[in-house]
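The values are calculated or read from the model by the stated rules, or taken from the named source; none is laboratory data. Since this is a predicted model, take the numbers as computed values, not measurements. Here the Cβ positions follow ideal geometry from the backbone for every residue, glycine too, while neighbour counts run over all protein chains shown. All accessible areas refer to the heavy atoms of the entire protein, side chains included, with ligands and DNA or RNA removed. Shrake-Rupley method; radii C 1.70, N 1.55, O 1.52, S 1.80 Å.
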Amino acid sequence: MCGKCDYTIHGRSFHYGWDNLFPPAQHVAPGSTVFFECHDSSGGQLTAASTVADVSTLDFGKINPVTGPIFVDGAEPGDALKVTIEGFDPSGFGWTANIPGFGLLADQFTDPALTLWTYDPKTLEPSAFGSHGRVPLKPFAGTIGVAPAEPGHHSVVPPRRVGGNLDIRDLSAGTVLYLPVEVAGALFSVGDTHAAQGDGEVCGTAIESPMNVTLKLDLVKGANLKMPRFTTAGPVTRHLDAKGYEVTTGVGPDLMTGARQAVADMVELLAGRYNMNPVDAYMLVSTCGDLRISEIVDMPNWVVSFYFPRIVLE
């Protein structure tokens, strides 16, 4: 619970996907601070007692439940919802999975795999990855957004112009996110919390971890945003920078092909150098490695780079 919050939204107030007809869990005034109890992306289907067999039985109709929606008084289409991310209350448990048919290299990794994580929710010390390394943690909410104007029920899987499943690891404590409002009240929801993730979330999952989130919700009238934008409170990579990076690249006329090549080469590098199972290397890089577009102007070929922080394995 949050003693200084204006409202608490309990975990039982959740929904799947987006629909502007979902009834609000709470009406709040602009400027309110709200404490959300959030679920992990499996919605509790994967637990500390789970085995790899449970990955194959996941019900995809129940993934990424989000807590809400919240009706912000006075929010109108054309406004921006200003979301100040004040902090996280982590659980200490997380998981990463290779889910068949999902992920950047799904054609190369066709069997299910599962890693279970434990971490200190108070100190957030780096979390152990088997015998291979320790991943620095940086909690954030993977799915955070407002209802779209289009009628009907919409899948939570793809991100949208109104937010949703953004999976941006820098939406962490101190960041201020601005979301375009398309319906009265905005109808804000949040969930899919992560303990750590690399930019790209290349295997399709990060360190998926249930946790609570404290947010301040305010309005910017008449902002007329076309897409979400955000402001960070400071440096965004210092938890990973200390020992430099190993970097692989993909060069060619297609960014997706380049991204796949860069990630595949990093998986091969780590598996060979550290005697890791390739699928373990694939899951590991998803939690802490970063895909970057390094060059996109020298046609006909572009450069995609994949940065893996050496601090994880040294």
* To do: Among the candidates Asp111, Asp54, single out the residue that is open to solvent by 10 Å² or more (accessible area, probe 1.4 Å), in a loop (DSSP other than H, G, I, E, B) and either closer than 24 Å to Gly17 by Cα or modelled with pLDDT of 95 or more (or both).
  => Asp111
* Asked: within 19 Å of the chain's Cα centre (by Cα), crowded, with 17+ Cβ neighbours inside 10 Å, farther than 16 Å from Pro30 by Cβ and not β-branched (Val, Ile, Thr) - does that describe any residue in segment 72-89?
  -> yes
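The rows are residues; the columns are (1) more than 15 Å from Leu187 (Cα to Cα); (2) of a type in the set (Lys, Arg); (3) in contact with a Lys or Arg (Cβ under 8 Å, 6 or more places away or on another chain).
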| site | (1), (2), (3) |
| --- | --- |
| Asn20 | no, no, no |
| Val52 | yes, no, no |
| Glu86 | yes, no, yes |
| Ser91 | yes, no, no |
* Just one of Asp59, Asp40 is over 17 Å from the mean Cα position of the chain (by Cα) and either open to solvent by less than 60 Å² (accessible area, probe 1.4 Å) or among the acidic types (Asp, Glu) (or both); which is it? -> Asp59
* Structure fact -> The condition from (1) open to solvent by less than 10 Å² (accessible area, probe 1.4 Å); (2) in contact with a Phe, Trp or Tyr (Cβ under 9 Å, 6 or more places away or on another chain) that Thr214 misses is numbered (1)
* Structure fact -> Picking from Val220, Val304, the residue that is more than 23 Å from Ala173 (Cα to Cα), in contact with a Lys or Arg (Cβ under 9 Å, 6 or more places away or on another chain) and among the β-branched types (Val, Ile, Thr) would be Val304
* **Unmet requirement for Thr175, which otherwise passes all of (1) surrounded by fewer than 22 Cβ atoms within 10 Å (Cβ to Cβ); (2) under 30 Å from Ala264 (Cα atoms)** => (2)
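Matching residues to (1) touching a residue at least 24 places away in the same chain (Cβ under 8 Å); (2) open to solvent by 50 Å² or more (accessible area, probe 1.4 Å); (3) farther than 15 Å from Phe140 by Cα:
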{"position": "Ala184", "(1), (2), (3)": "yes, yes, yes"}
{"position": "Ile207", "(1), (2), (3)": "yes, no, no"}
{"position": "Lys221", "(1), (2), (3)": "yes, yes, yes"}
{"position": "Leu225", "(1), (2), (3)": "yes, no, yes"}
{"position": "Thr231", "(1), (2), (3)": "yes, yes, no"}
{"position": "Val236", "(1), (2), (3)": "yes, no, no"}
* Asked: Could we say that Leu104 is surrounded by 21 or more Cβ atoms within 10 Å (Cβ to Cβ) and in contact with a Lys or Arg (Cβ under 8 Å, 6 or more places away or on another chain) here?
  -> yes
* Considering only residues that are open to solvent by 20 Å² or more (accessible area, probe 1.4 Å) and in contact with a strand residue (DSSP E or B) (Cβ under 9 Å, 6 or more places away or on another chain), look in segment 91-101 and name the one that is farthest from Thr214 (Cα to Cα). => Phe93
* Asked: Does any residue of segment 20-35 turn out to be under 18 Å from the mean Cα position of the chain (by Cα) and touching a residue at least 12 places away in the same chain (Cβ under 8 Å)?
  -> no
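Could you check segment 27-73 and list, in sequence order, the residues that are closer than 20 Å to Leu215 by Cβ and among the small types (Gly, Ala, Ser)?
Ala29, Gly31, Ser32, Ser41, Gly68
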* Elements of type strands (runs of 3 or more DSSP E) in segment 234-313, at least 2 residues being closer than 25 Å to Trp95 by Cβ and at pLDDT 95 or above -> 290-295, 302-309
* **Residues satisfying the stated conditions in segment 114-155, i.e. open to solvent by less than 10 Å² (accessible area, probe 1.4 Å) and either modelled with pLDDT of 95 or more or assigned to a loop (DSSP other than H, G, I, E, B) (or both)** => Trp117, Val135, Phe140, Ala141, Gly142, Thr143, Ile144, Gly145, Val146, Ala147, Pro148
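Conditions tested, residue by residue: (1) among the aromatic types (Phe, Trp, Tyr); (2) in contact with a Lys or Arg (Cβ under 9 Å, 6 or more places away or on another chain); (3) on the phi > 0 side of the Ramachandran plot.
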site: Gly174; (1), (2), (3): no, no, yes
site: Glu182; (1), (2), (3): no, yes, no
site: Gly185; (1), (2), (3): no, no, yes
site: Asp192; (1), (2), (3): no, no, yes
site: Gln197; (1), (2), (3): no, yes, no
site: Thr205; (1), (2), (3): no, no, no
site: Lys216; (1), (2), (3): no, yes, no
